[in-house]
Amino acid sequence: MDRALDPAPYDALLLLSFGGPEGPEDVLPFLENVTRGRGIPRERLEEVGAHYRLFGGVSPINEQNRTLLAALREDFARNGLDLPVYWGNRNWAPYVTDTLREMARDGRRRVLVLATSAYASYSGCRQYREDLAVALAALREEGLPLPRVDKLRHYYNHPGFLDTVAEGVLAALEELPAEVRDGAHLAFTTHSIPTAAADTSGPPAGHGPGGAYVAQHLEAARRVAAAVAGATGVERPWALVYQSRSGPPIPWLEPDIVDHLTALSERGAPAVVMVPVGFVSDHMEVLYDLDTEALAAAKDLGLPAARSATVGAHPRFVAAIRGLVAERAAAERGGDPPRPALGALGPSHDLCPVGCCPARAAKPAAAGADSPFH
């Protein structure tokens with residue numbers, strides 16, 4: 001085997017995602033899983049559930065993960081990377097505890113984890129690490145051997161991720177009328193989170209206004225905008241905006257995408273492409289908040305708009321994941337592999353340090369310097 005594709009010491013990859021309902025009867029139980037312990041009123045869950053029912057009660061995220069799972073397995077096999085790939089979710093079947101139990105019974109002892117979130121934040125990184133800790137604790141209670149789990153580094157600035165996003169923007173520009181295409185603004189969107197969570201995202205040394213969450217998104221947006229300018233010969237105005245706010249009345253990251261569209265219209269922008277750079281796949285926040293709500297708002301404003309694709313299971317993104325696996329495996333064997341990253345921030349850490357994206361309440365988290373399972 002080519003040593004560059006040797007997965008040792010790892011013997012499995014876990015695709016770890018959010019999960020979503022797969023029918024109308026799943027919607028409220030799923031939303032109860034997502035909001036457990038947060039005191040969200042049932043009427044609010046019913047309101048959000050109505051978004052899912054517009055699409056038959058089915059979130060596309062599970063099907064997108066099945067597609068990504070198949071693409072990873074096929075790519076690994078074609079390129080000689082002998083590593084089985086499993087799939088587990090935070091909030092819906094297959095649940096991560098069930099998947100880790102299956103992995104333990106299959107004899108997997110060193111597991112590498114790919115989370116379907118490219119950026120640092122509590123909900124996008126540490127909460128997944130807490131899920132892994134809960135699952136490992138359950139396995140320990142059951143007397144099963146505990147695999148060691150490590151998480152792949154954040155890939156928001158990996159060329160395979162950013163180049164795929166840029167390709168999607170170029171395709172979306174072609175959907176706009178030719179006469180407004182060159183003047184189109186780019187609105188890079190991501191999930192709004194409380195400003196307090198943003199300020200403490202990433203390692204403690206970088207905590208401050210916006211933290212790593214905002215800095216990483218700005219870096220990704222800047223690189224994609226530059227790539228699009230290079231491909232088209234047109235430098236377009238761009239902004240990082242937010243969507244999908246859902247939570248208590250505290251300060252959240254702004255501006256909201258619909259407010260931003262209104263401001264663009266008032267300033268006379270000829271068109272806009274919405275770029276969901278904060279999302280790996282087309283789950284409900286993309287289908288409803290962008291494709292339904294934001295595009296309807298743009299139509300009402302008379303603002304020509306298009307939405308670019310998420311990276312999904314694009315071959316270039318899948319190849320980037322293969323590269324990240326090979327990179328981490330080589331580093332674990334004591335090597336010094338190349339760590340591709342675009343922009344000024346450089347490659348992210350392999351091991352989340354103590355105090356990175358701190359929890360709302362103290363909870364154990366796996367796959368970090370403070371893991372109780374190493």
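FYI, it's all coordinate maths here, none of it is from the lab. Bear in mind the structure is a predicted one, so any value in this text is a computation, not a measurement. With ideal geometry, Cβ positions are generated from the backbone for all residues, glycine too; neighbour counts draw on all protein chains shown.
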Integer Hz, Karplus 6.51/-1.76/1.60 couplings in order for region 334-350, x for Gly and Pro: x, x, 10, x, x, 10, x, 7, 9, x, 7, 7, x, x, 6, 5, 7
Listed residues ASN79, ASN65, ASN91, most fluctuating in the chain (Gaussian network, C-alpha, under 10 Å): ASN79
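Work through the residues other than ASP289 whose Cβ is under 10 Å from its Cβ and net out their charges, Lys, Arg +1 and Asp, Glu -1.
Taking every other residue near ASP289 into account, the sum is -3.
Counting Lys and Arg as +1 and Asp and Glu as -1, each charge on the Cβ, what is the dipole of the chain about the Cα centre in debye, to the nearest 20?
Details: 36 positive and 46 negative charges, 210 e Å.
That gives a dipole near 1000 debye.
Taking the Cβ of GLU254 as the center, what net charge do the other residues with Cβ under 15 Å away carry, scoring Lys and Arg +1 and Asp and Glu -1?
Values: positive: ARG245; negative: ASP199, ASP256, ASP259, ASP289.
Net local charge, GLU254 excluded: -3.
Please compute the Kirkwood hydrodynamic radius over region 19-104, one decimal place, Å, based on all pairs of different Cα atoms. Could the numbers behind the result be given before it?
Details: mean 1/r = 0.0690 Å⁻¹.
Hydrodynamic radius (Kirkwood, Cα pairs) of region 19-104 is 14.5 Å.
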For MET274, residues with placed amide H under 5 Å, excluding near neighbours: ALA187, ALA306, ARG307, SER308
Dipole-positive endmost among THR99, PRO21, GLY57 within the chain (Cβ charges, Cα centre): THR99
3J(HN,Hα) from dihedral phi, region 36-53, Karplus parametrisation 6.51/-1.76/1.60, rounded to Hz, x for glycine, proline: 4, x, 9, x, 6, x, 4, 5, 5, 4, 5, 5, 5, x, 4, 4, 5, 5
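Can you compute the helix-only [θ] at 222 nm over the chain? Use -39500 (n - 2.57) per DSSP H run of at least 4 residues, normalise by all residues, nearest 500 deg cm²/dmol.
Working: 12 runs with 148 residues, N = 374.
After summing the helix terms and dividing by residue count, I get -12500 deg cm²/dmol.
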3J(HN,Hα) from dihedral phi, region 358-365, Karplus parametrisation 6.51/-1.76/1.60, rounded to Hz, x for glycine, proline: x, 6, 5, 9, 4, 9, x, 9
Fraction in percent of alpha-carbon pairs per bin - 10 Å, the chain: 5, 23, 34, 26, 10, 2, 0
Within region 159-307, percent of DSSP bridges classed antiparallel, to nearest 5: 5 percent
For the chain, built as a Gaussian network whose Cα springs stay under 10 Å, the top-fluctuating residue of LYS299, LYS151, LYS363: LYS299
Counted charge near ALA104, where neighbours are those whose Cβ lies closer than 15 Å (Asp, Glu -1; Lys, Arg +1): +1
